[in-house]
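Contents: one structure, followed by commentary.
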Amino acid sequence: MSKKPLILGIESSCDETAASLITENEQGIPVVLSNIISSQVDVHKEFGGVVPELAARSHMEKIDWIVQKAIDDSGRKIEEIDAVASTAGPGLIVCLSVGLSFGKAFASALNKPFIAVNHLEGHALSPKLNSKLNYPYLLLLISGGHSQFLNVQSLGKYKRLGTTIDDALGEAFDKTAKLLGIEFPGGPQIEVLAKKGDPNKYDLPKPIFNKGGCNLSFAGLKTAILRIAKNIKTEQEKFDLAASFQKTVEEILYKKTKIAFREFEKQNKPKEKIFVVAGGVAANKNIRSMLKDLCNEENYKSMFPPIELCGDNAAMIAMVGLERFKLKQFNDLDHPAKPRWPLDENAAFLKGAGVQL
Ligand code: KG4
Ligand code: ZN
């Protein structure tokens, strides 16, 4: 039996401090040995959002014991670790620096390779943690900071097909929750409230619905919610607005995903058409089931990470580390933290006023 790589992953790009050890079995399927996540919800709650300096301080306070716990829970010894993979971007620079510096120091002390990981690539590869997934595939990445359709050609090779031109979808969920008076972090609560409401009560806008290919836009939707939320008087109206928002988002994603399918097929002729949905918003059960239905209609195979691996975690960072380790793609210890680090470096910047679609 050959020795399988043992990878330590570290994540600290925003408000989760996380560490994980993964390896793979004899069939080459990844095995998560430990996955420790410490969320900072209590630190940021009173401010209604993430405060970068407080987040960085909290990462510094916790990173030692989070990594120690990940090693202890894995049942493996520290000297068995073959490589250390840390998130190097994108994210808040003060937060990234904590996990990145820790990972570099750890790798250096163990005299093992260091791998600097793009957080978005972690999300992109997260379904590999529980299923076999071959390249190429179409990825819808929907998180708190990003909303994109990407043609994932191979490890590290991405072609962006569409992106949000303003807010990320997770941001729209969070802002809607805030306007409905739901405590931070409110995004995941929207689907809970939506179950009690009438999705047809409010007619909300769908920006760039009929133009702009599979690009997305959510700012106009947020403005409409702001206007309606001001006049809401009853709990039922709150549920109705949450339900209408959830329904509108599903309609936007349904239409734009269909367009992305056609774009993907123009660029690839795969034997099997695969659609992966990842990032925090991929935890939304109604979005998952609507996209699964669409895939059935369109003869695509749909793949999602397990719900608990949709949000930020270090197992997905270790997953990228595992693939890069096998290809001996290591980084030097002077690798910088990169607050902005698009997966497709060649894609045009599509944000702000005056964007031509
Ligand atoms: O991927 P993630 O954990 O962090 C980033 O990399 O941004 O995504 C966090 C985002 C937040 O905006 C959160 O509100 C959203 O994912 N989210 C959800 C749900 N769970 C998390 N949005 C809608 N429905 C959910 N169930
Ligand atoms: Zn993330």
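The values are calculated or read from the model by the stated rules, or taken from the named source; none is laboratory data. Remember, predicted model here, so these are calculated numbers, not experimental data. Cβ: placed from backbone, ideal geometry, glycine included. Neighbour counts: every protein chain shown. The area values use the complete protein model at the heavy-atom level, side chains included, leaving out ligands, DNA and RNA. Shrake-Rupley method; radii C 1.70, N 1.55, O 1.52, S 1.80 Å.
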For this session: Excluding residue 349 itself, calculate the net charge of residues whose Cβ lies under 12 Å from the Cβ of residue 349, where each Lys or Arg counts +1 and each Asp or Glu counts -1.
Result: +1
Seminar exercise, completed: Ranking 215, 39, 66 by how far each Cα lies towards the positive end of the charge dipole of the chain (+1 on Lys and Arg Cβ, -1 on Asp and Glu Cβ), the top one is 215
Problem set entry | Rg [Å, one decimal], Dmax [Å, integer] - segment 67-112, C-alpha atoms | 11.7, 32
Problem set entry | Accessible surface of the chain [probe 1.4 Å, protein heavy atoms]: carbon and sulfur percent | 51
For this session: State, to one decimal in nm, how far the label point of residue 2 lies from the label point of residue 209, with both points 7 Å from Cα in the Cβ direction.
Result: 5.3
Exercise. About its Cα centre, what dipole magnitude does the chain give when the only charges are +1 on Lys and Arg Cβ and -1 on Asp and Glu Cβ, stated in debye to the nearest 20?
Worked result: 1060
For this session: For the chain, find the longest principal axis of its Cα atoms and tell me its angle to the long axis of helix 52-74, 0 to 90°, nearest 10.
Result: 50
Exercise. Extension gain residue 24-residue 285, at 0.36 nm per residue separation less the Cα-Cα distance, in nm?
Worked result: 91.1 nm
Exercise. In what sequence, highest mean first, do 170-179, 310-319 appear when ranked by Cβ atoms within 10 angstrom?
Worked result: 310-319, 170-179
Problem set entry | Subset of 77/128; 256/292; 4/301; 196/285 violating a 19 Å alpha-carbon distance limit | 77/128; 4/301
Exercise. Using Cα-only point scatterers and the Debye equation, what is log10 of I(q)/I(0) for segment 117-234 at each q in 0.11, 0.22, 0.23 Å⁻¹, rounded to two decimals?
Worked result: -0.47, -1.24, -1.30
Exercise. Label points 7 Å out from Cα along the Cβ direction at residue 269 and residue 192: separation in nm?
Worked result: 5.0
Problem set entry | Net length gained if the chain between residue 109 and residue 46 were fully extended (0.36 nm per residue, minus Cα distance) | 18.8 nm
Seminar exercise, completed: Taking Cα pairs closer than 8 Å and at least 6 residues apart, the relative contact order of segment 188-344 in percent is 22
Exercise. Going 7 Å from the Cα of residue 183 toward and past its Cβ, which residues in segment 230-252 have a backbone nitrogen under 13 Å from where you end up?
Worked result: none
For this session: Would you be so kind as to identify which of 289, 279, 300 lies farthest towards the positive end of the dipole of segment 135-304, taking Lys and Arg as +1 and Asp and Glu as -1 on Cβ and the Cα centre as origin?
Result: 300
Problem set entry | At R0 = 51 Å, FRET efficiency that the Cβ-Cβ distance of residue 345 and residue 39 yields, to 0.05 | 0.95
For this session: Kindly provide the pair-distance distribution of the chain built from C-alpha pairs, with 10 Å bins from 0 and whole-percent values in order of increasing distance.
Result: 5, 25, 32, 25, 10, 2, 0
For this session: Please compute the Cα-Cα pair-distance distribution of segment 235-357 with 5 Å bins starting at 0, giving whole percents from short to long.
Result: 2, 8, 11, 15, 18, 19, 14, 8, 4, 2, 1, 0
For this session: Just add up the charged neighbours of residue 83: K/R +1, D/E -1, any other residue whose Cβ is under 9 Å from the Cβ of residue 83.
Result: +1
Problem set entry | FRET efficiency, residue 233 to residue 200 (Cβ-Cβ, R0 25 Å, nearest 0.05) | 0.80
Exercise. Averaged per residue, what accessible surface does the chain expose to a 1.4 Å probe, in Å²?
Worked result: 43
